[in-house]
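Visitor: Handing you this structure, nothing more for now.
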Amino acid sequence: MEETTRKLSAVEVRVLSRLLDKAQALPAGELDTWLAALPEAQQPLVPRLRERLAQIAQPRAEEPPPPPRLEPVKKVDSRHGERVGPYRLLQELGSPGPGVLWQAERAEGGPRQVVALMLPADRVAAERQLASLPEHAHVARLQYAGIDERGRPYRVMRHVDGVTLLEHAQRRRLSAAQRVHLLLPACAALKHAHGELVAHGDIRPANLRVDDDGRITLLDWGMGRLLYPASAAADMLALVQVLQQLLEGAHPGPDLKAVLARGLQATPAERYLTVDALVQDLQRVLEHRPVDGPHAGGLHRARLFVRRNRLPLAGGALGVLLLALAVNLGVRHFQRGQQQAQRSDQVQAFLQQAVPALAAAAAASGTAPDPAVLAPQLQRALEQTRIGFAGEPVLRGQVLTELALRFRGLGQPELALSVLREAVALLQGTALASDPALAQARAHLAAQWLQAGSADGTAQAQALAAQVLAQCSGAGCDAAQRVAREVQQQLLKPKP
(Lines give C-alpha, C1' and ligand atoms only; values in the text may rest on other atoms or scores of the structure.)
Protein backbone atom coordinates (compact mmCIF):
# COMPACT_ATOMS: atom_id res chain seq x y z
CA MET A 1 0.00 0.00 0.00
CA GLU A 2 2.87 2.33 0.79
CA GLU A 3 4.23 1.99 -2.77
CA THR A 4 0.96 3.15 -4.34
CA THR A 5 0.47 6.10 -2.00
CA ARG A 6 3.90 7.73 -1.88
CA LYS A 7 4.43 10.82 -4.03
CA LEU A 8 6.11 10.09 -7.36
CA SER A 9 9.08 12.11 -8.57
CA ALA A 10 8.89 14.00 -11.86
CA VAL A 11 10.98 11.33 -13.57
CA GLU A 12 8.75 8.54 -12.24
CA VAL A 13 5.67 10.38 -13.51
CA ARG A 14 7.25 10.54 -16.96
CA VAL A 15 8.08 6.84 -16.96
CA LEU A 16 4.69 5.83 -15.54
CA SER A 17 2.82 7.81 -18.18
CA ARG A 18 4.75 6.17 -21.00
CA LEU A 19 4.28 2.71 -19.52
CA LEU A 20 0.57 3.42 -19.22
CA ASP A 21 0.33 4.28 -22.92
CA LYS A 22 2.15 1.07 -23.87
CA ALA A 23 0.12 -1.10 -21.49
CA GLN A 24 -3.18 0.16 -22.89
CA ALA A 25 -2.05 -0.81 -26.41
CA LEU A 26 -1.24 -4.43 -25.46
CA PRO A 27 -3.47 -7.26 -26.74
CA ALA A 28 -5.67 -8.93 -24.13
CA GLY A 29 -3.85 -11.50 -22.00
CA GLU A 30 -0.31 -10.15 -22.53
CA LEU A 31 -0.22 -7.64 -19.68
CA ASP A 32 1.23 -9.91 -16.96
CA THR A 33 4.00 -11.19 -19.23
CA TRP A 34 4.87 -7.65 -20.31
CA LEU A 35 4.95 -6.36 -16.73
CA ALA A 36 7.18 -9.21 -15.59
CA ALA A 37 9.64 -8.40 -18.39
CA LEU A 38 10.04 -4.74 -17.44
CA PRO A 39 13.54 -3.72 -16.30
CA GLU A 40 14.33 -4.00 -12.61
CA ALA A 41 14.46 -0.21 -12.25
CA GLN A 42 10.83 0.04 -13.40
CA GLN A 43 9.45 -2.78 -11.28
CA PRO A 44 8.62 -0.47 -8.30
CA LEU A 45 6.13 1.29 -10.61
CA VAL A 46 4.24 -1.89 -11.45
CA PRO A 47 1.73 -1.66 -8.51
CA ARG A 48 0.95 1.96 -9.40
CA LEU A 49 0.59 0.97 -13.07
CA ARG A 50 -1.86 -1.85 -12.23
CA GLU A 51 -3.84 0.56 -10.07
CA ARG A 52 -4.11 3.12 -12.88
CA LEU A 53 -5.15 0.47 -15.39
CA ALA A 54 -7.86 -0.75 -13.02
CA GLN A 55 -9.15 2.80 -12.59
CA ILE A 56 -9.34 3.28 -16.33
CA ALA A 57 -11.12 -0.04 -16.85
CA GLN A 58 -13.69 0.43 -14.05
CA PRO A 59 -13.71 3.74 -12.12
CA ARG A 60 -14.59 3.36 -8.45
CA ALA A 61 -18.07 4.63 -7.57
CA GLU A 62 -16.98 6.40 -4.39
CA GLU A 63 -14.36 8.44 -6.26
CA PRO A 64 -16.00 10.77 -8.77
CA PRO A 65 -13.89 11.44 -11.87
CA PRO A 66 -11.86 14.66 -11.79
CA PRO A 67 -13.35 17.69 -13.53
CA PRO A 68 -12.11 18.25 -17.09
CA ARG A 69 -10.36 21.43 -15.89
CA LEU A 70 -9.43 22.41 -12.39
CA GLU A 71 -10.55 25.99 -13.00
CA PRO A 72 -11.37 28.11 -16.04
CA VAL A 73 -8.60 30.11 -17.65
CA LYS A 74 -8.93 33.73 -16.59
CA LYS A 75 -7.58 36.91 -18.09
CA VAL A 76 -3.99 37.87 -17.43
CA ASP A 77 -4.77 40.78 -15.16
CA SER A 78 -7.03 38.69 -12.89
CA ARG A 79 -4.26 36.17 -12.08
CA HIS A 80 -1.19 38.37 -12.05
CA GLY A 81 0.53 37.93 -8.69
CA GLU A 82 -1.31 34.70 -7.86
CA ARG A 83 0.71 32.15 -5.88
CA VAL A 84 1.36 28.64 -7.21
CA GLY A 85 3.46 26.74 -4.70
CA PRO A 86 6.54 28.87 -3.96
CA TYR A 87 6.08 30.84 -7.21
CA ARG A 88 4.21 34.06 -8.13
CA LEU A 89 2.61 34.40 -11.58
CA LEU A 90 3.88 37.39 -13.55
CA GLN A 91 2.75 37.20 -17.18
CA GLU A 92 0.81 34.74 -19.31
CA LEU A 93 2.96 33.45 -22.18
CA GLY A 94 0.39 31.39 -24.07
CA SER A 95 -1.71 28.23 -24.04
CA PRO A 96 0.33 25.37 -25.50
CA GLY A 97 -2.16 22.50 -25.42
CA PRO A 98 -4.47 21.83 -22.45
CA GLY A 99 -3.08 24.39 -20.02
CA VAL A 100 -1.57 27.84 -19.64
CA LEU A 101 2.12 28.78 -19.66
CA TRP A 102 3.23 31.62 -17.37
CA GLN A 103 6.33 33.59 -16.65
CA ALA A 104 6.73 33.35 -12.89
CA GLU A 105 9.21 34.21 -10.17
CA ARG A 106 10.17 32.42 -7.00
CA ALA A 107 8.37 34.21 -4.20
CA GLU A 108 10.17 32.54 -1.31
CA GLY A 109 13.17 30.45 -0.43
CA GLY A 110 16.16 32.25 -1.88
CA PRO A 111 17.08 34.90 -4.46
CA ARG A 112 14.66 36.00 -7.17
CA GLN A 113 14.46 33.45 -9.93
CA VAL A 114 12.37 33.85 -13.09
CA VAL A 115 11.02 30.59 -14.55
CA ALA A 116 8.47 29.30 -17.03
CA LEU A 117 5.57 27.69 -15.15
CA MET A 118 2.98 25.46 -16.81
CA LEU A 119 -0.48 25.04 -15.27
CA PRO A 120 -1.97 21.97 -16.98
CA ALA A 121 -5.74 21.71 -17.22
CA ASP A 122 -5.96 18.60 -15.02
CA ARG A 123 -3.87 15.79 -13.53
CA VAL A 124 -4.07 13.61 -16.65
CA ALA A 125 -2.81 16.49 -18.79
CA ALA A 126 -0.06 17.16 -16.27
CA GLU A 127 1.20 13.58 -16.42
CA ARG A 128 1.06 13.49 -20.20
CA GLN A 129 2.91 16.79 -20.49
CA LEU A 130 5.65 15.52 -18.20
CA ALA A 131 5.94 12.41 -20.35
CA SER A 132 6.16 14.53 -23.50
CA LEU A 133 9.05 16.73 -22.35
CA PRO A 134 12.26 15.21 -23.75
CA GLU A 135 15.61 15.88 -22.10
CA HIS A 136 17.87 17.62 -24.62
CA ALA A 137 20.30 20.54 -24.67
CA HIS A 138 17.96 22.55 -26.93
CA VAL A 139 14.75 21.85 -25.00
CA ALA A 140 13.76 23.98 -21.99
CA ARG A 141 14.79 21.69 -19.13
CA LEU A 142 12.24 20.53 -16.56
CA GLN A 143 13.31 21.79 -13.12
CA TYR A 144 10.44 20.67 -10.89
CA ALA A 145 6.95 19.18 -11.00
CA GLY A 146 4.62 19.48 -8.04
CA ILE A 147 1.12 20.17 -6.70
CA ASP A 148 0.26 23.45 -5.01
CA GLU A 149 -1.81 24.02 -1.86
CA ARG A 150 -5.01 24.13 -3.95
CA GLY A 151 -4.33 20.72 -5.46
CA ARG A 152 -3.27 22.06 -8.85
CA PRO A 153 -0.46 20.25 -10.65
CA TYR A 154 2.25 22.47 -12.10
CA ARG A 155 5.66 22.08 -13.66
CA VAL A 156 8.56 24.49 -13.70
CA MET A 157 11.06 24.88 -16.54
CA ARG A 158 13.99 27.12 -17.32
CA HIS A 159 12.82 30.49 -18.61
CA VAL A 160 14.49 31.27 -21.94
CA ASP A 161 15.37 34.92 -22.47
CA GLY A 162 15.82 36.27 -25.97
CA VAL A 163 13.69 36.65 -29.09
CA THR A 164 11.89 34.40 -31.53
CA LEU A 165 13.72 32.65 -34.33
CA LEU A 166 12.49 35.05 -37.03
CA GLU A 167 13.23 38.15 -34.96
CA HIS A 168 16.78 36.97 -34.32
CA ALA A 169 17.43 36.26 -38.01
CA GLN A 170 16.03 39.62 -39.09
CA ARG A 171 17.85 41.65 -36.44
CA ARG A 172 21.20 40.03 -37.23
CA ARG A 173 20.53 40.13 -41.00
CA LEU A 174 21.64 36.53 -41.30
CA SER A 175 22.42 34.99 -44.67
CA ALA A 176 20.50 31.97 -45.91
CA ALA A 177 23.33 29.64 -44.82
CA GLN A 178 23.49 31.24 -41.37
CA ARG A 179 19.73 30.76 -40.97
CA VAL A 180 20.04 27.08 -41.84
CA HIS A 181 22.85 26.71 -39.29
CA LEU A 182 20.64 28.39 -36.70
CA LEU A 183 17.83 25.87 -37.23
CA LEU A 184 19.98 22.72 -37.11
CA PRO A 185 20.08 22.42 -33.27
CA ALA A 186 16.27 22.58 -33.21
CA CYS A 187 16.25 19.76 -35.76
CA ALA A 188 18.51 17.78 -33.42
CA ALA A 189 16.11 18.38 -30.52
CA LEU A 190 13.15 17.15 -32.58
CA LYS A 191 15.12 14.12 -33.77
CA HIS A 192 15.88 13.27 -30.14
CA ALA A 193 12.20 13.61 -29.21
CA HIS A 194 11.08 11.39 -32.08
CA GLY A 195 13.69 8.86 -30.97
CA GLU A 196 11.92 8.80 -27.60
CA LEU A 197 8.57 8.34 -29.41
CA VAL A 198 7.39 11.86 -28.52
CA ALA A 199 5.87 14.27 -31.05
CA HIS A 200 5.96 18.03 -30.43
CA GLY A 201 2.64 18.91 -32.05
CA ASP A 202 3.07 22.70 -32.18
CA ILE A 203 6.26 23.61 -34.05
CA ARG A 204 6.14 27.26 -35.17
CA PRO A 205 8.51 30.25 -35.11
CA ALA A 206 7.11 31.57 -31.81
CA ASN A 207 8.08 28.30 -30.11
CA LEU A 208 11.70 28.57 -31.25
CA ARG A 209 13.54 31.08 -29.08
CA VAL A 210 17.11 32.37 -29.48
CA ASP A 211 19.04 33.83 -26.56
CA ASP A 212 21.75 36.50 -26.62
CA ASP A 213 24.42 33.86 -27.26
CA GLY A 214 22.65 32.65 -30.41
CA ARG A 215 21.48 29.45 -28.70
CA ILE A 216 18.12 28.15 -29.90
CA THR A 217 15.59 26.37 -27.68
CA LEU A 218 12.47 24.47 -28.76
CA LEU A 219 9.67 25.46 -26.37
CA ASP A 220 6.08 24.56 -25.50
CA TRP A 221 5.73 20.79 -25.43
CA GLY A 222 2.23 21.09 -24.01
CA MET A 223 0.77 19.53 -27.17
CA GLY A 224 3.25 16.67 -26.99
CA ARG A 225 1.87 13.21 -27.56
CA LEU A 226 2.97 9.67 -28.33
CA LEU A 227 4.65 9.49 -31.73
CA TYR A 228 2.63 7.94 -34.53
CA PRO A 229 3.20 8.20 -38.31
CA ALA A 230 0.61 10.98 -38.59
CA SER A 231 2.05 13.04 -35.73
CA ALA A 232 5.60 12.57 -37.04
CA ALA A 233 4.50 13.75 -40.48
CA ALA A 234 2.80 16.78 -38.93
CA ASP A 235 5.99 17.70 -37.04
CA MET A 236 8.07 17.36 -40.21
CA LEU A 237 5.70 19.52 -42.25
CA ALA A 238 5.66 22.18 -39.53
CA LEU A 239 9.47 22.16 -39.35
CA VAL A 240 9.80 22.76 -43.10
CA GLN A 241 7.18 25.52 -42.88
CA VAL A 242 9.33 27.20 -40.22
CA LEU A 243 12.34 26.88 -42.55
CA GLN A 244 10.30 28.48 -45.33
CA GLN A 245 9.41 31.48 -43.14
CA LEU A 246 12.99 31.71 -41.88
CA LEU A 247 14.36 31.95 -45.43
CA GLU A 248 11.95 34.65 -46.63
CA GLY A 249 13.97 37.58 -47.92
CA ALA A 250 17.30 35.73 -47.51
CA HIS A 251 17.67 34.77 -51.21
CA PRO A 252 17.82 30.97 -50.89
CA GLY A 253 19.53 29.25 -53.80
CA PRO A 254 18.06 26.53 -56.01
CA ASP A 255 19.11 23.73 -53.66
CA LEU A 256 17.34 25.27 -50.65
CA LYS A 257 14.29 25.82 -52.84
CA ALA A 258 14.44 22.13 -53.75
CA VAL A 259 14.49 21.25 -50.04
CA LEU A 260 11.40 23.40 -49.46
CA ALA A 261 9.63 21.96 -52.51
CA ARG A 262 10.09 18.41 -51.24
CA GLY A 263 9.24 19.22 -47.64
CA LEU A 264 6.00 21.00 -48.59
CA GLN A 265 4.60 18.36 -50.95
CA ALA A 266 0.84 17.86 -50.69
CA THR A 267 1.25 14.08 -50.27
CA PRO A 268 2.93 13.13 -46.95
CA ALA A 269 4.74 10.16 -48.52
CA GLU A 270 6.57 12.53 -50.90
CA ARG A 271 7.87 14.78 -48.10
CA TYR A 272 10.76 14.24 -45.71
CA LEU A 273 9.75 11.32 -43.51
CA THR A 274 12.43 11.80 -40.84
CA VAL A 275 14.44 14.64 -39.38
CA ASP A 276 17.64 12.91 -40.51
CA ALA A 277 16.54 13.01 -44.15
CA LEU A 278 15.88 16.75 -43.93
CA VAL A 279 19.14 17.48 -42.12
CA GLN A 280 21.16 15.49 -44.66
CA ASP A 281 19.87 17.69 -47.48
CA LEU A 282 20.45 20.86 -45.45
CA GLN A 283 24.02 19.73 -44.81
CA ARG A 284 24.47 19.20 -48.54
CA VAL A 285 23.37 22.77 -49.12
CA LEU A 286 25.83 24.08 -46.53
CA GLU A 287 28.63 22.02 -48.08
CA HIS A 288 27.82 23.35 -51.58
CA ARG A 289 26.71 19.91 -52.75
CA PRO A 290 23.68 19.44 -55.01
CA VAL A 291 20.28 18.39 -53.68
CA ASP A 292 18.34 16.08 -55.97
CA GLY A 293 15.76 17.85 -58.10
CA PRO A 294 15.01 19.08 -61.63
CA HIS A 295 17.46 21.96 -61.15
CA ALA A 296 20.44 19.70 -60.41
CA GLY A 297 21.79 19.38 -63.94
CA GLY A 298 25.40 19.01 -65.02
CA LEU A 299 26.13 22.74 -65.13
CA HIS A 300 24.72 23.30 -61.61
CA ARG A 301 26.73 20.41 -60.22
CA ALA A 302 29.88 21.69 -61.93
CA ARG A 303 29.42 25.17 -60.45
CA LEU A 304 29.04 23.72 -56.97
CA PHE A 305 32.15 21.58 -57.46
CA VAL A 306 34.12 24.66 -58.47
CA ARG A 307 32.78 26.57 -55.46
CA ARG A 308 33.76 23.80 -53.07
CA ASN A 309 37.28 23.88 -54.42
CA ARG A 310 37.56 27.69 -54.42
CA LEU A 311 38.93 27.74 -57.96
CA PRO A 312 39.81 31.25 -59.18
CA LEU A 313 37.76 31.01 -62.35
CA ALA A 314 36.63 33.89 -64.51
CA GLY A 315 33.57 32.26 -66.04
CA GLY A 316 31.24 29.31 -65.79
CA ALA A 317 32.32 27.74 -69.09
CA LEU A 318 35.97 27.70 -68.05
CA GLY A 319 34.96 26.22 -64.71
CA VAL A 320 33.16 23.34 -66.40
CA LEU A 321 36.16 22.76 -68.64
CA LEU A 322 38.60 22.60 -65.73
CA LEU A 323 36.22 20.45 -63.76
CA ALA A 324 36.05 17.89 -66.57
CA LEU A 325 39.82 17.98 -66.89
CA ALA A 326 40.33 17.40 -63.18
CA VAL A 327 37.93 14.48 -63.12
CA ASN A 328 39.34 12.86 -66.27
CA LEU A 329 42.95 13.16 -65.10
CA GLY A 330 42.17 12.10 -61.51
CA VAL A 331 44.36 14.76 -59.94
CA ARG A 332 44.87 13.68 -56.34
CA HIS A 333 46.01 16.99 -54.99
CA PHE A 334 42.89 18.60 -56.46
CA GLN A 335 40.70 16.18 -54.53
CA ARG A 336 42.68 16.75 -51.33
CA GLY A 337 42.22 20.47 -51.74
CA GLN A 338 38.49 19.91 -52.09
CA GLN A 339 38.41 17.98 -48.82
CA GLN A 340 40.51 20.59 -47.01
CA ALA A 341 38.35 23.47 -48.24
CA GLN A 342 35.20 21.66 -47.22
CA ARG A 343 36.55 20.96 -43.73
CA SER A 344 37.71 24.56 -43.33
CA ASP A 345 34.25 25.81 -44.25
CA GLN A 346 32.66 23.45 -41.73
CA VAL A 347 35.07 24.52 -38.98
CA GLN A 348 34.33 28.21 -39.57
CA ALA A 349 30.59 27.55 -39.74
CA PHE A 350 30.70 25.70 -36.43
CA LEU A 351 32.73 28.45 -34.73
CA GLN A 352 30.39 31.13 -36.04
CA GLN A 353 27.41 29.30 -34.57
CA ALA A 354 28.95 28.00 -31.33
CA VAL A 355 31.00 31.11 -30.46
CA PRO A 356 28.90 34.18 -31.37
CA ALA A 357 31.41 36.53 -29.72
CA LEU A 358 33.97 35.74 -32.45
CA ALA A 359 31.50 36.50 -35.24
CA ALA A 360 30.40 39.71 -33.53
CA ALA A 361 34.01 40.86 -33.15
CA ALA A 362 34.75 40.14 -36.80
CA ALA A 363 31.68 42.09 -37.87
CA ALA A 364 32.87 45.05 -35.77
CA SER A 365 35.99 45.56 -37.90
CA GLY A 366 38.29 43.34 -35.89
CA THR A 367 37.32 44.57 -32.43
CA ALA A 368 38.57 42.12 -29.80
CA PRO A 369 35.74 40.16 -28.14
CA ASP A 370 35.06 40.64 -24.44
CA PRO A 371 36.99 37.85 -22.61
CA ALA A 372 34.20 37.54 -20.04
CA VAL A 373 31.77 36.71 -22.87
CA LEU A 374 34.18 34.73 -25.02
CA ALA A 375 35.53 32.35 -22.35
CA PRO A 376 32.25 30.57 -21.45
CA GLN A 377 31.27 30.39 -25.11
CA LEU A 378 34.55 28.70 -25.97
CA GLN A 379 34.11 26.26 -23.08
CA ARG A 380 30.63 25.32 -24.30
CA ALA A 381 31.97 24.93 -27.85
CA LEU A 382 34.70 22.61 -26.54
CA GLU A 383 32.10 20.43 -24.81
CA GLN A 384 29.98 20.33 -27.98
CA THR A 385 33.02 19.37 -30.06
CA ARG A 386 33.91 16.46 -27.81
CA ILE A 387 30.47 14.88 -28.24
CA GLY A 388 29.76 16.05 -31.77
CA PHE A 389 31.10 15.37 -35.29
CA ALA A 390 30.13 11.71 -35.13
CA GLY A 391 32.00 9.75 -37.80
CA GLU A 392 34.22 12.75 -38.65
CA PRO A 393 37.22 12.52 -36.29
CA VAL A 394 39.53 14.57 -38.55
CA LEU A 395 37.03 17.42 -38.60
CA ARG A 396 36.71 17.19 -34.81
CA GLY A 397 40.49 17.36 -34.46
CA GLN A 398 40.63 20.44 -36.67
CA VAL A 399 37.98 22.18 -34.54
CA LEU A 400 39.87 21.28 -31.37
CA THR A 401 42.98 22.94 -32.81
CA GLU A 402 41.08 26.14 -33.61
CA LEU A 403 39.56 26.25 -30.13
CA ALA A 404 42.97 25.71 -28.52
CA LEU A 405 44.35 28.75 -30.36
CA ARG A 406 41.53 30.85 -28.97
CA PHE A 407 42.17 29.59 -25.44
CA ARG A 408 45.80 30.59 -25.93
CA GLY A 409 44.69 34.06 -27.00
CA LEU A 410 42.64 34.34 -23.81
CA GLY A 411 45.74 33.74 -21.71
CA GLN A 412 44.91 30.13 -20.79
CA PRO A 413 48.10 28.29 -21.88
CA GLU A 414 47.50 25.16 -19.80
CA LEU A 415 44.06 24.62 -21.31
CA ALA A 416 45.42 25.37 -24.79
CA LEU A 417 48.16 22.77 -24.28
CA SER A 418 45.66 20.16 -23.07
CA VAL A 419 43.30 20.69 -26.01
CA LEU A 420 46.15 20.64 -28.55
CA ARG A 421 47.41 17.36 -27.11
CA GLU A 422 43.88 15.99 -27.42
CA ALA A 423 43.71 17.14 -31.07
CA VAL A 424 47.08 15.60 -32.00
CA ALA A 425 46.24 12.29 -30.31
CA LEU A 426 42.93 12.12 -32.19
CA LEU A 427 44.41 13.07 -35.58
CA GLN A 428 47.42 10.74 -35.31
CA GLY A 429 44.99 7.83 -35.10
CA THR A 430 42.60 8.94 -37.84
CA ALA A 431 44.30 11.23 -40.39
CA LEU A 432 47.02 10.56 -42.95
CA ALA A 433 50.53 11.52 -41.88
CA SER A 434 50.55 14.17 -44.63
CA ASP A 435 47.17 15.67 -43.74
CA PRO A 436 47.43 19.45 -43.17
CA ALA A 437 45.01 19.17 -40.23
CA LEU A 438 47.48 16.91 -38.38
CA ALA A 439 50.40 19.14 -39.35
CA GLN A 440 48.61 22.23 -38.07
CA ALA A 441 47.81 20.58 -34.73
CA ARG A 442 51.38 19.31 -34.33
CA ALA A 443 52.92 22.68 -35.21
CA HIS A 444 50.83 24.61 -32.70
CA LEU A 445 51.38 21.96 -30.05
CA ALA A 446 55.14 22.34 -30.65
CA ALA A 447 54.82 26.10 -30.15
CA GLN A 448 52.82 25.55 -26.96
CA TRP A 449 55.34 23.07 -25.56
CA LEU A 450 58.11 25.55 -26.32
CA GLN A 451 56.23 28.24 -24.43
CA ALA A 452 55.93 25.92 -21.41
CA GLY A 453 59.72 26.18 -21.05
CA SER A 454 60.36 22.79 -19.43
CA ALA A 455 63.06 20.38 -20.59
CA ASP A 456 60.45 17.81 -21.55
CA GLY A 457 58.47 20.49 -23.37
CA THR A 458 61.54 21.51 -25.38
CA ALA A 459 62.12 17.91 -26.48
CA GLN A 460 58.47 17.52 -27.43
CA ALA A 461 58.55 20.76 -29.44
CA GLN A 462 61.65 19.69 -31.35
CA ALA A 463 60.18 16.30 -32.30
CA LEU A 464 56.81 17.72 -33.37
CA ALA A 465 58.36 20.46 -35.54
CA ALA A 466 60.55 17.89 -37.28
CA GLN A 467 57.49 15.69 -38.02
CA VAL A 468 55.65 18.61 -39.58
CA LEU A 469 58.52 19.54 -41.90
CA ALA A 470 59.21 15.94 -42.89
CA GLN A 471 55.69 14.62 -43.46
CA CYS A 472 53.56 17.49 -44.77
CA SER A 473 54.17 19.29 -48.07
CA GLY A 474 52.15 21.31 -50.55
CA ALA A 475 50.19 24.55 -50.39
CA GLY A 476 47.87 23.23 -47.68
CA CYS A 477 50.85 22.75 -45.35
CA ASP A 478 52.41 26.20 -45.72
CA ALA A 479 50.97 27.63 -42.50
CA ALA A 480 51.93 24.60 -40.41
CA GLN A 481 55.47 24.54 -41.85
CA ARG A 482 55.90 28.25 -41.07
CA VAL A 483 55.01 27.66 -37.41
CA ALA A 484 57.31 24.61 -37.28
CA ARG A 485 60.24 26.58 -38.70
CA GLU A 486 59.65 29.37 -36.17
CA VAL A 487 59.78 26.76 -33.39
CA GLN A 488 63.08 25.41 -34.72
CA GLN A 489 64.54 28.91 -34.92
CA GLN A 490 63.58 29.56 -31.31
CA LEU A 491 65.21 26.25 -30.30
CA LEU A 492 68.49 27.31 -31.96
CA LYS A 493 68.71 30.59 -30.06
CA PRO A 494 71.15 30.50 -27.15
CA LYS A 495 69.52 30.43 -23.74
CA PRO A 496 70.04 33.56 -21.62
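Visitor: Could you tell me what percent of the accessible area of the range 156-307 is made up of carbon and sulfur, with a 1.4 Å probe and every protein chain present?
Guide: 52 percent
Visitor: Please give the net charge around Leu304, taking every other residue with its beta carbon less than 10 angstrom from that of Leu304, where Lys and Arg add +1 and Asp and Glu add -1.
Guide: Local net charge: +4.
Visitor: Moving on. Using the Cβ atoms and a cut-off under 15 Å, what net charge is assigned to the surroundings of Leu426, where Lys and Arg are +1 and Asp and Glu are -1? Don't skip to the end; give the middle numbers.
Guide: Working: positive: Arg343, Arg386, Arg396, Arg421, Arg442; negative: Glu392, Glu402, Glu422, Asp435.
Net charge in that neighbourhood comes out at +1.
Visitor: So, one more: Given N residues in the range 154-203, what is Rg(Cα) / (2.2 N^0.38 Å)?
Guide: So the Cα radius of gyration is 1.40 times the expected 2.2 N^0.38 Å.
Visitor: Taking 0.36 nm per residue of sequence separation and subtracting the Cα-Cα distance, how much length would be gained by fully extending the chain between Ala425 and Leu492, in nm to one decimal?
Guide: Working: separation 67, 0.36 × 67 = 24.12 nm, distance 2.69 nm.
In short, 21.4 nm is gained.
Visitor: Which of rounded, prolate, oblate describes the range 156-286, given a ≥ b ≥ c as roots of the alpha-carbon gyration tensor eigenvalues and a/c under 1.5 marking rounded, otherwise prolate only if a/b is larger than b/c?
Guide: Cα axes put the range 156-286 in the oblate bin.
Visitor: So if the hydrodynamic radius of the range 435-491 is defined as the Kirkwood radius over C-alpha pairs, what does Stokes-Einstein give as its diffusion coefficient at 4 °C and 1.567 mPa s, in µm² per second?
Guide: Rounded to a whole number, D works out at 122 µm²/s.
Visitor: With every protein chain kept in place and ligands, DNA and RNA left out, what is the accessible area per residue of the range 370-496? Probe 1.4 Å, answer in Å².
Guide: Counting only protein heavy atoms, the per-residue value for the range 370-496 is 49 Å².
Visitor: For the range 368-470, just say rounded, prolate or oblate: build the C-alpha gyration tensor, square-root its eigenvalues into a ≥ b ≥ c, call rounded for a/c under 1.5, and beyond that prolate if a/b exceeds b/c, oblate if not.
Guide: Working: a/c = 2.33, a/b = 1.17, b/c = 2.00.
Oblate, because a/c is 1.5 or more while a/b does not exceed b/c.
Visitor: Using 0.36 nm times the number of residues separating Gln280 and Leu432, minus their current alpha carbon distance, what extension gain do you get?
Guide: 52.1 nm
Visitor: While we're looking at this one, here's another question. Restricted to Cα positions, what overall size does the range 162-232 have along the principal axes? Three whole-Å values, descending.
Guide: If we take the Cα atoms of the range 162-232, the spans are 37, 22, 19 Å.
The values are calculated or read from the model by the stated rules, or taken from the named source; none is laboratory data. Given the structure is predicted, the values throughout are model-derived calculations rather than measurements. Here the Cβ is made from the backbone with ideal geometry for all residues, glycine too, and neighbour counts use every protein chain on show. Quick note on the areas: whole protein, heavy atoms, side chains included, nothing else; ligands and nucleic acids left out. Shrake-Rupley method; radii C 1.70, N 1.55, O 1.52, S 1.80 Å.
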